[in-house]
1. Taking V73, is it outside the structural domain of E200 (by TED's automatic domain parsing), at pLDDT 95 or above and part of a strand (DSSP E or B)?
2. So, in region 84-127, exactly how many residues are of a type in the set (A, V, I, L, M, F, W, C), without any contact (Cβ under 8 Å) to a residue 60 or more places away in the chain, surrounded by 13 or more Cβ atoms within 10 Å (Cβ to Cβ) and part of a helix (DSSP H, G or I)?
3. Residue check: is E68 in a helix (DSSP H, G or I) and under 14 Å from the mean Cα position of the chain (by Cα)?
4. Give region 16-70 a look and list any residue that's over 30 Å from Y149 (Cβ atoms), surrounded by 14 or more Cβ atoms within 10 Å (Cβ to Cβ) and either small (G, A, S) or not assigned by TED's automatic domain parsing to the domain that holds I91 (or both), or say none.
Amino acid sequence: MKLDTIALVETPEGIDLQAELAGLVPRTLAYCIDFFIRMMIMMVLGIIFMFFGKAGTGLWLILIFVMEWWYPVLFEVFKGGQTPGKKSFNIKVINDDLTPVSFGASLIRNLLRTADVLPLFYVFGIISMSSTKHFQRLGDLAAGTLVVYSEPEQHDSSAIKNVAAIAPQLALSEDQQVAFVNFALNKGRMSADRQAEIAEIIRPRLPLNTSNATDYVRGVGKWLLGSKH
């Protein structure tokens, strides 16, 4: 199967989204860092728990369970798809539709590490990543997740350079504000015709004297970004 370093997804609105896939090497190195962190925590707390006898042994077993199964899940869900190891290599886990990873998907992909590690040293996981288009191990295939590079947010300010900021006449929800800003910055890299087509959809909600729906939406987005002129 042909490998591809870019994952492409087209949204229902016709916007193309893409992400650069992380390969075997950065994922392996990230795992090694996380493994080292987990081992250090378990070793230090294990020494402390020794002083509590049988109760300490019970606490240490609970700690092993938490660090092995919940360490990656909690970081991936609450830290933008990044464990400390993944953050070190600027990679993160997301759903295969390029949305933030969900709790269920993270749990599935990490539970199935038991299959990926078989028969020894993650052989099945390495074979799976090497033979699937998007470098997915068995856990990723089952959970519908990808590991991609986390690029810093870049604003395409040129898209609104020559557009006047326009204060919205109606109260906008948080999601609506995000939509206006993303449209203004052309984050989906839409063509001019596609932008005009999408802007025309909301024309009935725009002021009657609006001549250019695209510029109006961009103007509101520019205003929401803090520009008042």
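1. no
2. 7
3. The answer is no for E68.
4. Across region 16-70, the qualifying residues are G46, G56.
The values are calculated or read from the model by the stated rules, or taken from the named source; none is laboratory data. This is a predicted model, so every value here is computed, not measured. Neighbour counts are summed over all protein chains in view; Cβ atoms, including those assigned to glycine, are modelled from backbone coordinates with ideal geometry.
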